[in-house]
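Just so it is clear, none of the values below were taken in a lab; they were calculated from the coordinates. Since the structure is predicted, the reported quantities are computational estimates derived from the model, not experimental observations. Note that we place each Cβ from the backbone using ideal geometry, even for glycine, and neighbour counts take in every protein chain shown.
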Amino acid sequence: MYQTLLTHLENGIFIITINRPDKLNALNKTVIEELSSAIDEVINNTDIRSAIITGSGAKAFVAGADISEFTSLNASGGKALAQKGQDLVFTKIENSPKPIIAAVNGFALGGGCELVMSCHFRIAADSAKFGQPKVNLGLIPGYGGTQRLVQLIGKGRAMELLMTGNMIDANTALQYGLLNHVVAQEELLTKTKSILDVINSKAPLAIAGCIKAANAVFDETKNGYAVEINNFGELFDTADAKEGAAAFLEKRKANFTGK
Ligand code: COA
């Protein structure tokens, strides 16, 4: 049914596996559109009580937005990409009345880390790694990363990760509050399902109420998303953003000029 996702319903839990392992499950246009449809399925199908998002293979959850789609973008294209992704997937996950949990099986970088953060909470394999390396491309996160990272781990730690582009391992992410649990890779889905079995045994409207009320804490930050979209888009008009994507695709070090 989907080109880039594997889906499977088990005991009321819809398991969505992003399946582009040759590109480390990078989020291209098709993945975004299909994730949007899969989230609609979660929300609308009465047989589904909750969902898990994970990645195919042991190496990556999602290694970011697909950088090969960045090369032709200008400011308006960048803003449209960020707005569309936020509306179709990230905000929709966050506001889903049914729990959507990330089971992080490897690298969760850039858009992958943003996808993890838009989920209601997160469980990771001990091999998982997290980071916001957009700064290496002369860009900033565009799928809500500047906002949700501050919400989840606090401003100081978020600022350091955003500005250095450094990765953190699963145990550091646990200590920072980005993760709820860290388990061995082979226990990742079992652990996540066991938590969802508990949640699925509760009243669905109460669960929906928990999500709605907890999300309301952050309503005042909504302007931050608009700031992010604008800034994300404008950076596509810079020489450094073009150089960052080109250098990555040509497998060389970027030569940034500050323009
Ligand atoms: N977009 C597009 N393609 C990507 C990608 C991305 N974000 N991340 C990885 N890939 C592709 C690579 O280009 C490579 O494709 P190829 O085999 O056709 O050359 C393939 O996935 C495997 O990645 P590779 O870089 O060879 O693996 P690695 O083990 O050497 O490094 C990472 C793994 C995650 C450190 C590295 O892929 C990386 O830095 N990715 C980009 C991370 C990033 O900047 N994400 C934010 C973007 S928004």
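The table that follows gives values for the structure above.
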| quantity | calculated |
| --- | --- |
| Percentage relative contact order, the chain, counting C-alpha pairs under 8 Å, at least six apart | 20 percent |
| Length added when fully stretched, Lys251-Leu205, from 0.36 nm per residue minus Cα-Cα | 11.6 nm |
| Set of lysines near Lys253 by C-alpha distance (under 17 Å), chain-local residues within fewer than 8 positions excluded | Lys134, Lys242 |
| Cross-link reach list, aspartates and glutamates versus Lys251, counting only Cα pairs under 17 Å and skipping chain neighbours closer than eight places | Asp22, Asp66, Glu69, Asp240, Glu243 |
| For region 126-259: Kirkwood Rh in Å [reciprocal of mean 1/r, alpha carbons] | 17.5 Å |
| Average projection area in nm² (convex hull over Cα atoms of region 109-181, one quarter of hull surface) | 4.1 nm² |
| Full-extension gain in nm, Ala213 to Asn230, via 0.36 nm per residue minus C-alpha separation | 3.3 nm |
| Residues Lys84 and Lys259, FRET efficiency given R0 of 30 Å [Cβ-Cβ distance, rounded to 0.05] | 0.65 |
| GNM result for the chain, Cα springs below 10 Å: residue of Ile39, Ile15, Ile211 fluctuating most strongly | Ile211 |
| Mean residue ellipticity (222 nm) of the chain, computed from DSSP H runs ≥ 4 via -39,500 (n - 2.57), nearest 500 | -13500 deg cm²/dmol |
| Alpha carbon convex hull of the chain, projected area averaged over orientations, nm² | 12.9 nm² |
| Estimated distance in nm for a label pair at Met1 and Ala184, the labels positioned 7 Å out from Cα along Cα-to-Cβ | 3.4 nm |
| Whichever lysines have a C-alpha closer than 29 Å to that of Lys191, once near sequence neighbours (fewer than 8 apart) are set aside | Lys23, Lys59, Lys92, Lys98, Lys129, Lys202, Lys212 |
